[in-house]
1. Quick one: how many Å² of residue 245 are accessible to a 1.4 Å probe, rounded to 10?
2. Taking a 1.4 Å probe, which of 72, 262 shows the most accessible area, and what order do the others take after it?
3. List residues of the range 199-225, by number, whose backbone nitrogen lies under 17 Å from a label position 7 Å along Cα→C-beta of residue 176.
4. By the scheme Lys and Arg +1, Asp and Glu -1, what is the net charge of all other residues having a beta-carbon under 10 Å from that of residue 217?
5. Might you work out the accessible area of residue 116 for me, using a 1.4 Å probe with all protein chains in place, and round it to the nearest 10 Å²?
6. Quick one: which residues, 5+ away or cross-chain, put their amide H under 5 Å from the amide H of residue 278? H built at 1.01 Å from N.
7. How high is the relative contact order of the range 174-319, in percent, with contacts defined as C-alpha pairs under 8 Å that are six or more residues apart?
8. Would you tally the net charge around residue 238, using a Cβ to Cβ cut-off of less than 9 Å, leaving residue 238 out, and scoring K and R as +1, D and E as -1?
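The values are calculated or read from the model by the stated rules, or taken from the named source; none is laboratory data. The shown structure was predicted, so the numbers you read here are calculated from the model rather than taken from an experiment. Because the Cβ atoms are built from the backbone with ideal geometry, glycine has one as well, and the counts that use them run over all protein chains shown. Heavy atoms of the whole protein, side chains included, go into the accessibility calculation; ligands, DNA and RNA do not. Shrake-Rupley method; radii C 1.70, N 1.55, O 1.52, S 1.80 Å.
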Amino acid sequence: MTIKFSLRTALSACALCATGLLIVTSPAAATGRAGTDPGAPGRPKTAMPQPALLEREGTQVRLRSGAPETPEVSALSWLVADAASGEVLAAYDAHEKLPPASTLKTLFALTVLPAFPGGLRHTVSGAELAGIGEGSSLVGVVEGHTYQVSDLWRGVFLNSGNDAVHVLAALNGGWDRTARQMQDKARSLGAVDTHVVSPDGYDADGQVSSAYDLAVFGRAGLRNPDFARYCSTVNALFPGNDGGSFGIANTNRLLTGADGVEPYPGLIGIKNGYTTNAGNTLVAAAHREGRTLIVTVMNPQEGDGLEVYEEARQLLDWGFDAAGHVDPVGSLDALRPVAHAAAAPAPAPSPSPSHAPVAAARAEAASAWPDWPETGAVVGGVVGVGAGAVLLVRRRRNPRFGRG
């Protein structure tokens, strides 16, 4: 008899073997009661954690009594997770392999941002701007002009500038080398759904990611203070060719409120994207009342090009309302599947605050992590899964995409 394991299962098993950890959890997870500290005397030692549900198709959520139902959204794949603990509160086809568009720039930033100081100055050559895909979003990088690396990163995060990505990749040793490094970085984070072909997220044969992997990248990015600062910047100045500068604005409408999209209170960032094959994609994080959530929304099938923001809004609202009333269905810590007891149900949430200015929301986020500059980065923990009811909902799949 042959027993087959997925790559994700094998990676998790290797991580456990390497550390010699035995995964245990408290039966409090099954009852909704508060668990004890893993090292506390009298902690139950016989219960085993329930498996993560994220490999399954359909909507996966473990609702406790009184928890709100997950919203009906049209995205081909989505996920809601707690940024600090890594607990996935709910997801729909979390590991569906889909084109990521410019949300893949989160992985690009994770890979390349640490390599060069923001103050480094670089004069752009024509070769560095060669090969930019037709119809790409651009920030306006000009051959022969000298830019600071920080300018280029603002071009990446705000304008989703593929021209800025090409220059930074050239600095990093070239397009192909950067793609390989991004692939390695994804695997090091346990993100095994992602296949990198074009580091800027431009449509390319075989290039895919998933709602799960993109949430992993977004969460990891918030630990980097530069990433957190760039992804939450609303407006900036970009050097012009005449010695002056011109204004650029973040294209994440949930952050800026552009095009009639109401800004989400407490939004931190992270990255939006669009291509013909990917449709609209979004990884977003928001902070409210001491909690930070991350959502991924991939290719809504209803509404216009702004629907991705409204579906992200619904999922964020649900996540803040449901926090403390659901047990996790998995963890973003794919290589460290350490289980812990489910938290006690939280008190009924207070009414949502009114929509505050973005700057005030980011200041609130910063106060939660005083050791990080400006936006404050999330300090992640390791976490497993709790117990509870499983809600499985299936939606007709878009025939343009198959499971990879």
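1. Ignoring ligands and nucleic acids, residue 245 comes out at about 70 Å².
2. Numbers: 72 140, 262 95 Å².
The residues order as 72, 262, largest area first.
3. Within reach of a label on residue 176: 199-200, 205.
4. Details: positive: 105, 185, 219, 271; negative: 213.
Taking every other residue near residue 217 into account, the sum is +3.
5. 40 Å²
6. For residue 278, whose amide H was placed from the backbone, there are no distant partners under 5 Å.
7. Numbers: 218 pairs, mean separation 22.1, N = 146.
That works out to 15 percent.
8. Numbers: positive: 154; negative: 151.
Combined, the nearby Lys, Arg, Asp and Glu give 0.
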